């Protein structure tokens, strides 16, 4: 009897904690998103740093106008998204135009607005860098859920990188769609 009572109290305690931890995503006044039924749209923002000292160069090919590379990099995020991105871009440098375009694959591992850890995948991102100004603009589509609470995020990235800066910083903002609890 004591064991059953202890297990019942433990179960009640765990359920109470789970409900409290997910309260950040619960909003009874908020309607479901018309484009994503059952999900709540939440605005997010923060900043990050791209640490080139961790970069692994897999392949490099020089072209008439520049070069093409395949690398693995890591990016740290702070703010509403806290965690790390393992980033595997296909980089196209065009020195005649003074641009760099990155596309490829990436996985975010971390938390969103204090959630439990989540992993989200993106193979649609695009970053553009203008060498003359150092301006970096990008779009991120973390729309494939891999693990953790059900959610997706779409972000816009902006920064200005100094030439040869090994750890350029940037800002992000956008929206995450978090599955509502029933």
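Below are the figures for this structure:
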read-out: Nitroxide proxy distance, nm - points 7 Å out along Cα→Cβ at residue 58 and residue 78; value: 3.0 nm
read-out: Percentage relative contact order, the stretch 74-182, counting C-alpha pairs under 8 Å, at least six apart; value: 17 percent
read-out: Calculated SAXS-style log₁₀ I(q)/I(0) at q = 0.12, 0.17, 0.19 Å⁻¹ - the stretch 89-156, Debye, Cα scatterers; value: -0.39, -0.65, -0.74
read-out: Computed label-point distance, nm, for sites residue 119 and residue 45 using a 7 Å Cα→Cβ extension; value: 3.2 nm
read-out: Estimated inter-spin distance, residue 160 and residue 130, nm [label 7 Å along Cα→Cβ]; value: 1.1 nm
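Values in this text are rule-based calculations from the coordinates and carry no lab data. All values derive from a computational prediction rather than experimental measurement. Ideal geometry is used to build each Cβ from the backbone, glycine not excepted, and the neighbour counts take in all protein chains shown.
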